[in-house]
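Chemist: Let me give you the structure first, and then I'll get to my questions.
The values are calculated or read from the model by the stated rules, or taken from the named source; none is laboratory data. None of the values given here were measured: they were computed from a predicted structure. In case anyone asks, the SASA skips ligands and DNA or RNA and just uses the protein heavy atoms, side chains included. Shrake-Rupley method; radii C 1.70, N 1.55, O 1.52, S 1.80 Å.
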Amino acid sequence: MADTPYAPSRIRALPSWLLGRAAARGHRLVAEALAAEGMRMTHHAVLSAVAELGPVSQAELGRTVGIDPKDIVAIVNDLQNDGLVTRTPDPKDRRKNAIGISADGKRRLRRTERLGDAANAELTAALSDDERAQLIALLNRIVAPAE
């Protein structure tokens, strides 16, 4: 935690502080890994969502991933300019575009997923396989306590 700003010992012992620090480190590791492929995290998230949901309307895509409509337009434009997604008229409503993943997008997604997996492995390298599974289960309970 060398590049972490000073926090009093009582604060450093709080789960909220530790989760924040772990999240910041994980974010940094994944962002750096994806950058090796020329991909930003939000673009990766959108490309992943298109692969899972697509073809999907741009509006639905933005709502699903929680990205503002004007921002989703810019991200989809970037992904389309890179040849990673396609825009075609939505068969359900010809006034809308359906966003799909291209063959190049599938290839790029496989590479970025491997990079993200490696970054997450680095994040949890100090844990055994059982500890990693336990951490994920505990974090899921924290994120969605009612489920």
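Chemist: Across the chain, what fraction of all alpha-carbon pairs, as a whole percent, falls in each successive 5 Å bin from zero upward?
Modeler: 2, 9, 14, 16, 16, 14, 11, 9, 5, 2, 1, 0
Chemist: What does the helix-only formula give at 222 nm for the chain: each DSSP H stretch with n ≥ 4 adding -39500 (n - 2.57), the total divided by the residues, and the result rounded to the nearest 500 deg cm²/dmol?
Modeler: Roughly -20500 deg cm²/dmol at 222 nm, from the helical runs in the chain.
Chemist: Here's something else I'd like to know. Each residue of region 23-36 in order: what ³J(HN,Hα) in whole Hz does its phi give by Karplus 6.51 cos²θ - 1.76 cosθ + 1.60, θ = phi - 60°, with x for Gly and Pro?
Modeler: Result, ordered by residue: 5, 4, 5, x, 4, 4, 4, 5, 4, 5, 5, 5, 4, 4 Hz.
Chemist: Same structure, new question: May I ask for the percentage of alpha-carbon pairs in region 41-123 that lie more than 14 Å from each other? Intermediate values should be presented prior to the final figure.
Modeler: Values: 2046 of 3403 pairs.
Value for region 41-123: 60 percent of Cα pairs lie more than 14 Å apart.
Chemist: Averaging sequence separations of C-alpha pairs under 8 Å and six or more residues apart, then dividing by the length of the chain, give the relative contact order as a whole percent.
Modeler: In percent, rounded to a whole number, it is 24.
Chemist: Sticking with this structure for a sec: Quick one: pull the percent of accessible area on region 1-141 belonging to carbon and sulfur, 1.4 Å probe, ligands and nucleic acids left out.
Modeler: Values: 4950 of 9140 Å².
Of all accessible area on region 1-141, carbon and sulfur atoms account for 54 percent.
Chemist: Whole number in Å², please: accessible area per residue of region 24-118, 1.4 Å probe, ligands, DNA and RNA not counted.
Modeler: Result: 58 Å² of accessible area for each residue.
Chemist: Can you give me the angle between helix 41-53 and the longest principal axis of the chain, using Cα atoms only, in degrees from 0 to 90, rounded to the nearest 10?
Modeler: So the inclination is approximately 60 degrees.
Chemist: Same structure again: Give the long-range amide H neighbours of Asp90: residues separated by 5 or more places, or on another chain, with amide H under 5 Å away, using H modelled in the peptide plane at 1.01 Å from N.
Modeler: Here Lys96, Asn97, Ala98 satisfy the definition.
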